[in-house]
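Data block below; observations after.
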Amino acid sequence: MSTRFCPRRPHAVACALLTLLTASAAQAHDVSGTAALTSDYVWRGTSQSNERPAVQAGAKVASDSGLYAQVWASSVEFAPQTQASSEFDLVAGWSGALSAAWALDVNLTHYRYPDTTVDLDWTEANATLTLQDRYWLQIGHSNDALASDATGNYAQLGTRLPLGDTFRLEAAAGHYRLDTANGDNDYTHWQLGAVWAFAVPFELRVTAHDTDGDAQRVFGPWAGARVEAALQAAF
């Protein structure tokens with residue numbers, strides 16, 4: 001996750017999330033995981049790995065009630081003075097069907113960056129509404145967006161289009177409103193990707209990303225047009 005502002009935050013939220021993670025895991029009836037190697041870790045339109053390859057992995061436990069806990073990790077590379085090299089996302093939430101067509105996922109995500117020279121950790125509340133497993137609307141809110149001690153609100157609208165059993169297209173556009181001490185740092189990004197499920201459980205994903213000029217003003221070379229290729233697996 002992009003952390004370019006002046007950070008600070010105690011770790012009380014992390015302790016609460018870890019408690020939720022443990023409670024969810026104790027009720028778990030389903031365990032799943034992911035692994036990926038990507039040419040560039042891109043999050044909300046900006047590179048989190050200094051435009052270099054990143055290794056990623058995650059694990060999720062879920063109960064029949066819809067409660068779930070998830071841990072996801074990636075290598076990162078931010079500004080040299082932070083010395084950040086890894087990111088861990090601790091997620092506790094609920095997901096389930098609202099009807100035959102609609103589904104909802106709500107969660108609390110804590111982003112942790114261990115062994116850094118400054119405190120980059122922060123927390124965000126998220127909700128994703130999905131229609132027919134084809135269209136989605138995601139919203140996120142944090143009072144400490146990007147560890148900046150400022151409010152951040154994010155919205156993304158996306159769709160996926162299956163092309164047979166092994167191919168699909170995915171497109172999304174998002175807007176991030178960041179109310180920092182230096183004023184509003186709003187920006188918009190969009191992406192278009194193709195996914196080839198060439199052999200279970202492996203997929204090859206190629207995604208083109210771009211941002212508006214405001215993102216490049218705030219994040220410099222980490223924003224703008226870029227292409228990301230990733231080999232990923234789900235198990």
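The set of residues from the range 18-43 being buried (at least 21 other Cβ atoms within 10 Å of the Cβ) and either modelled with pLDDT under 60 or within 17 Å of THR109 (Cα to Cα) (or both) comprises just one member, SER24.
Consider the range 203-233 and keep the residues that are of a type in the set (A, V, I, L, M) and in a strand (DSSP E or B). The one that is surrounded by the most Cβ atoms within 10 Å (Cβ to Cβ) is ALA230. Counting only residues that are at pLDDT below 95, surrounded by fewer than 20 Cβ atoms within 10 Å (Cβ to Cβ) and of a type outside the set (Ser, Thr, Tyr), how many does the range 81-113 have? Number of matching residues: 2. In the set (1) touching an Asp or Glu at 6+ places or on another chain (Cβ under 8 Å); (2) surrounded by fewer than 14 Cβ atoms within 10 Å (Cβ to Cβ), ASP165 fails one condition alone, (1). Residue under question is ASP133, and the condition is that it be within 21 Å of PHE78 (Cβ to Cβ), surrounded by fewer than 19 Cβ atoms within 10 Å (Cβ to Cβ), touching a Lys or Arg at 6+ places or on another chain (Cβ under 9 Å) and not hydrophobic (A, V, I, L, M, F, W, C); does it hold? Considered against the rule, which asks whether it is within 21 Å of PHE78 (Cβ to Cβ), surrounded by fewer than 19 Cβ atoms within 10 Å (Cβ to Cβ), touching a Lys or Arg at 6+ places or on another chain (Cβ under 9 Å) and not hydrophobic (A, V, I, L, M, F, W, C), ASP133 comes out as no.
Table: residues versus (1) small (Gly, Ala, Ser); (2) in contact (Cβ under 8 Å) with a residue 40 or more places away in the chain.
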site: GLU51; (1), (2): no, yes
site: VAL71; (1), (2): no, yes
site: LEU98; (1), (2): no, no
site: THR116; (1), (2): no, no
site: TRP122; (1), (2): no, yes
site: ALA125; (1), (2): yes, no
site: ASP149; (1), (2): no, yes
site: LEU157; (1), (2): no, no
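The residues on offer are VAL76, VAL61, and the sole one that is touching a strand residue (DSSP E or B) at 6+ places or on another chain (Cβ under 6 Å), within 26 Å of ARG177 (Cα to Cα) and surrounded by 16 or more Cβ atoms within 10 Å (Cβ to Cβ) is VAL76.
The set of residues from the range 89-125 being more than 20 Å from TYR154 (Cα to Cα) and not acidic (Asp, Glu) comprises GLY96, ALA97, LEU98, SER99, ALA100, ALA101, TRP102, TYR113, PRO114, THR116, THR117, VAL118.
Got a sec? Which of GLN156, GLN191 is at pLDDT 95 or above, more than 18 Å from VAL227 (Cβ to Cβ) and of a type outside the set (Asp, Glu)? Write out each step before concluding.
Values: GLN191 fails: more than 18 Å from VAL227 (Cβ to Cβ).
Going through GLN156, GLN191 in turn, just one is at pLDDT 95 or above, more than 18 Å from VAL227 (Cβ to Cβ) and of a type outside the set (Asp, Glu): GLN156.
Of all the numbered requirements in (1) over 19 Å from the mean Cα position of the chain (by Cα); (2) of a type in the set (Gly, Ala, Ser); (3) on the phi > 0 side of the Ramachandran plot, ALA101 misses one, and that requirement is (3). Sub-6 Å Cβ pairs linking a first residue in the range 193-208 that is free of Cβ contacts under 8 Å to residues at least 40 places away in the same chain to a second residue that is in a loop (DSSP other than H, G, I, E, B), at least 6 apart or interchain, are ALA197/THR166; PRO201/PHE235, ordered by first then second residue.
The values are calculated or read from the model by the stated rules, or taken from the named source; none is laboratory data. The shown structure was predicted, so the numbers you read here are calculated from the model rather than taken from an experiment. Quick reminder, even Gly has a Cβ in these numbers, built from the backbone with ideal geometry, and neighbours come from all protein chains shown.
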